[in-house]
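Notes follow the structure.
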């Protein structure tokens, strides 16, 4: 049976007719699957992306003029008693939001553990320095503990990728959702992968288009997408349940203060539609997106897009002028997301990658060099669309140590040490004695489950002063 003439005409018009090269070799189910994948592609949009990001016809990569950039206002860490009092007032407001059931949590967890040499979803990686608790367990226990503290079950929405969706669901089910009362998984969208030289969509197999996740910015559209079997979208469910404010973070950072009441309160006091937590960049080449104003509007410039001049711009005191580095911790209003998915489309960025593909002879080729362009959206590109925003500084040591690499920086070793140092400090604040090495690092693994104590203040109510920690310890 020949392919639908309308489909053939559409593919010819966009220069992608090669996708049906093996049509005559396919059985009916494979043909149906391939047609479904092709029909899901917005070829008009793809033409524009190819023109911009592959052929460079639309000015891709234009530099931002340094004269248009200025630092953005940031609520800095409190230093005076008055500032600390204001923070306590903000925390009280955030606690009221949690107790009222207005807050939901969105966890982006579409990645795999490939760079860690680990098979499976990244959220299943065992990272507890003593317990080997997974990233998912640590995050879930924080939400359970926070729900208990404020007397209201906080819903968790986990964005998976099509590749790890089933495995993530099975892992959570096997672990009884780690005690979570309300958890929902939703898959992110995908975009076709195109050849770097020609802009042709790659085939992954005779009956499959090469597809890749559409980036963490795809979370907005994914939240708005209908659920399985006609179920309401995540946004519709939130609206029905009175969830107005969403705390967003990514799975690889076990130190995140999930739904931090102070951050929530500062967001609400600013009547913000989107808010960011930031840390102070320590070097011009640190790989963090930088919050700035461009022509007066708030924006994040990805570290790879910073010119050397802007990256190294110093103030009179010698500190970096553009210092506010994003740690991918945000708050977004549900109504803001609804407006964005209805009125605006976040821009796509290109990623040059090595992608296996089906060559003209029908063989799978694994290229030795990057051969493809993937299209990704970044959630921080929503910021310029917001009418009001807040940018809040947090403590790097207390809230940022992502897990990205198998060895070296941002590896299991550095995460274990940072977690142990934090928990050791909590114990010392509670009056315990914790051995440290000459460099100040805690001498062995120390871990405190959020179910035992969610923060240092709660820990002080759980242990007696004078406790001596002489070996690895896990309090749960």
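Would you mind stating whether residue 373 is in contact (Cβ under 8 Å) with a residue 24 or more places away in the chain and closer than 30 Å to residue 47 by Cβ? Yes, satisfied.
Is one or more of the residues making up the stretch 306-313 crowded, with 21+ Cβ neighbours inside 10 Å, assigned by TED's automatic domain parsing to the domain that holds residue 73, out of contact with any helix residue (DSSP H, G or I) (no Cβ under 8 Å at 6 or more places or on another chain) and more than 16 Å from residue 384 (Cα to Cα)? Yes, because at least one residue in the stretch 306-313 is crowded, with 21+ Cβ neighbours inside 10 Å, assigned by TED's automatic domain parsing to the domain that holds residue 73, out of contact with any helix residue (DSSP H, G or I) (no Cβ under 8 Å at 6 or more places or on another chain) and more than 16 Å from residue 384 (Cα to Cα). Any residue in the stretch 244-263 that is more than 30 Å from residue 419 (Cβ to Cβ), surrounded by fewer than 22 Cβ atoms within 10 Å (Cβ to Cβ) and within 20 Å of the chain's Cα centre (by Cα)? Yes - at least one qualifying residue is present in the stretch 244-263. Within the stretch 133-150, can one find any residue that is at positive phi and touching a strand residue (DSSP E or B) at 6+ places or on another chain (Cβ under 7 Å)? No, the stretch 133-150 contains no residue that is at positive phi and touching a strand residue (DSSP E or B) at 6+ places or on another chain (Cβ under 7 Å). Condition check: more than 19 Å from the chain's Cα centre (by Cα) and in contact (Cβ under 8 Å) with a residue 24 or more places away in the chain. Does residue 151 satisfy that? Yes: the conditions hold for residue 151. Scanning the stretch 226-239 for residues that are modelled with pLDDT of 95 or more and either closer than 13 Å to residue 348 by Cα or touching a strand residue (DSSP E or B) at 6+ places or on another chain (Cβ under 8 Å) (or both) gives 234, 237, 238.
Taking first residues from the stretch 223-244 that are in the same structural domain as residue 183 (by TED's automatic domain parsing) and on the phi > 0 side of the Ramachandran plot and partners that are part of a loop (DSSP other than H, G, I, E, B) and surrounded by fewer than 15 Cβ atoms within 10 Å (Cβ to Cβ), the Cβ contacts under 9 Å between residues at least 6 apart in sequence or on separate chains come to 242/100. Residues in the stretch 274-305 that are part of a loop (DSSP other than H, G, I, E, B) and surrounded by fewer than 14 Cβ atoms within 10 Å (Cβ to Cβ) were compared, and the one that is modelled with the lowest pLDDT is 282. With respect to the conditions (1) surrounded by fewer than 20 Cβ atoms within 10 Å (Cβ to Cβ); (2) in contact with a strand residue (DSSP E or B) (Cβ under 6 Å, 6 or more places away or on another chain); (3) touching a residue at least 60 places away in the same chain (Cβ under 8 Å), residue 359 falls short on a single one, namely (3). Candidates 267, 349: the one that is under 29 Å from residue 226 (Cα atoms), assigned to a helix (DSSP H, G or I) and out of contact with any helix residue (DSSP H, G or I) (no Cβ under 7 Å at 6 or more places or on another chain) is 267. If I filter the stretch 317-327 for residues that are touching a helix residue (DSSP H, G or I) at 6+ places or on another chain (Cβ under 8 Å), closer than 29 Å to residue 400 by Cβ and exposed (fewer than 13 other Cβ atoms within 10 Å of the Cβ), do I get at least one hit? Looking for residues that are touching a helix residue (DSSP H, G or I) at 6+ places or on another chain (Cβ under 8 Å), closer than 29 Å to residue 400 by Cβ and exposed (fewer than 13 other Cβ atoms within 10 Å of the Cβ), one finds none in the stretch 317-327, hence no.
Apart from one condition, residue 186 fits all of (1) touching a helix residue (DSSP H, G or I) at 6+ places or on another chain (Cβ under 7 Å); (2) in a helix (DSSP H, G or I); the exception is (2). For the stretch 385-401, the condition of being over 29 Å from the mean Cα position of the chain (by Cα) and crowded, with 17+ Cβ neighbours inside 10 Å holds for none of the residues.
Scanning the stretch 424-454 for residues that are crowded, with 18+ Cβ neighbours inside 10 Å and touching a residue at least 60 places away in the same chain (Cβ under 8 Å) returns 445, 446, 447, 449, 450, 454.
Here residue 41 passes the criteria (1) over 18 Å from residue 193 (Cβ atoms); (2) part of a loop (DSSP other than H, G, I, E, B) except the one numbered (1).
Considering only residues in the stretch 14-27 that are free of Cβ contacts under 8 Å to residues at least 24 places away in the same chain and part of a helix (DSSP H, G or I), the one that is farthest from the chain's Cα centre (by Cα) turns out to be 24.
The values are calculated or read from the model by the stated rules, or taken from the named source; none is laboratory data. Given the structure is predicted, the values throughout are model-derived calculations rather than measurements. Don't worry about glycine lacking a Cβ; one is built from the backbone with ideal geometry, like all the others, and counts go over all protein chains shown.
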